1. Under 19 Å Cα to Cα from Lys213, which aspartates and glutamates show up? Leave out anything in the same chain fewer than 8 places away.
2. Under 16 Å Cα-Cα from Lys256, which lysines qualify once same-chain neighbours fewer than 8 residues away are excluded?
3. Name the chymotrypsin sites (Phe, Trp or Tyr not before Pro) in the stretch 140-232 that are in a loop by DSSP and that have at most 15 other C-beta atoms within 10 Å, would you?
4. If I take R0 = 22 Å and measure r between the Cβ atoms of Glu137 and Lys206 in this structure, what FRET efficiency does the formula 1/(1 + (r/R0)^6) give, to the nearest 0.05?
5. Roll a 1.4 Å probe over the protein chains and send me the accessible area per residue for the stretch 29-87 in Å².
6. Once the piece of chain linking Lys187 and Lys221 is laid out straight, how much longer is it, given 0.36 nm per residue of separation minus the C-alpha distance between them?
7. Between Asn126 and Asn277, what FRET efficiency follows from the Cβ-Cβ distance if R0 is 45 Å, with the result rounded to 0.05?
8. With the full set of protein chains in place, find how many percent of the accessible area of the chain is carbon and sulfur; take the probe as 1.4 Å.
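The values are calculated or read from the model by the stated rules, or taken from the named source; none is laboratory data. Source: prediction; values computed, not measured. Here Cβ is always computed from backbone atoms with ideal geometry, including for glycine, and neighbour counts include all displayed protein chains. Remember, those area values only see protein heavy atoms, side chains included, never the ligands or the DNA or RNA. Shrake-Rupley method; radii C 1.70, N 1.55, O 1.52, S 1.80 Å.
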Amino acid sequence: MKQAELIYEKMQYYPVKTQLATAIIQKGEVKFCGIERKKDSIVFIENHNSVFEIGSITKVFTSTLLASLVLNEMVNIDDEINDYLDFGLKSGIKFSFKELANHTSGLPPLPSNICNLFSLLNQLENPYKNYDNKKLEEYLKNKLKLKSEPGKKMQYSNLGLGILGYLLEKISNSSYQDLLENNILSKYSMNNTTINRQEVGDNLVKGLNTKGKEVLNWDFKVLVGAGGILSTVEDLSKFVLAQSNIQNKELELTRKSTFTLNEYVDLGLGWFIKKQNSENRWHWHNGGTGGYRSSMALNSEMKNAVIILSNVPAVKFRMLPNNNAEHIDDLCFDLMQEIG
């Protein structure tokens, strides 16, 4: 009852047609809770198989694909990416696969040639759609510039995880979708997870802006590894439950600490590791695109987790006022505290 009240409470901040799909996992037992605002009422619905953009939670999957290639001895986690490219990086810059996956490569958040107006996100409704392999390779060869020395500092980078996805495709000679299917989706029976929106059909929940108007979905092209996956809370719950399997070395590798950010947070491969106390660790990531916000946290040892997908907008559009997307993360953490 307390969990439902917490979810219900957050809906006051959002417009009509807003949906929250939630999975709460306690000691390995999964319970789903769906909620939607309809005119003057807030109703509970079944939406655990409804599809949402999961945004940057994609980075956990990209890092899991990296772990799979590492265990198959196709790459080493500390290898410099330069050895896997058929062209040189500008100025002889070097960084490793690990530094891409844990945001310590020194790369900026986005490439400088993605769009001259990218800083004005409220004017861009599908910002990645024209950024292809050619533009990324042009950037790496001619425009690459680091913000800090690799391995020394955390700088959150969509570009870094996009490059990682691009590299994994090159090394494996497979598309990102095929890598997902063969290494993760088929393994965990995640039948409603994809990067191909046309496969989703009517199961897709439409993304909204802060006024409750439908917005365009995002197309990530070459930077798909940073945020291009669509999924459901049911599928993500299967992925989360697999994290508690101590025999799963691939997932274990992603959860290992690779960098200490501060006394409260370490970085894994694709994960933020929140140090609740000396014995309690939450692995967490959130995501946001133009019309969606997501948050996922887990305690693999306790088999506890919370997954929230929503069509709450994570960015502003056309000078609309800022939104309450941060409440999705707050709800995720509140629910984690509630289940212990």
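1. Glu36, Asp40, Glu53, Glu125, Asp202
2. Counting by Cα, and skipping residues close in sequence, Lys256 has these lysines nearby: Lys59, Lys98, Lys274, Lys275.
3. Within the stretch 140-232, the qualifying chymotrypsin sites (Phe, Trp or Tyr not before Pro) (loop, at most 15 other Cβ atoms within 10 Å) are Tyr156.
4. Once rounded, the FRET efficiency stands at 0.05.
5. Accessible area per residue, the stretch 29-87: 47 Å².
6. Full-extension gain reported as 9.8 nm.
7. Efficiency at R0 = 45 Å is approximately 0.60.
8. Carbon plus sulfur share of accessible area: 44 percent.
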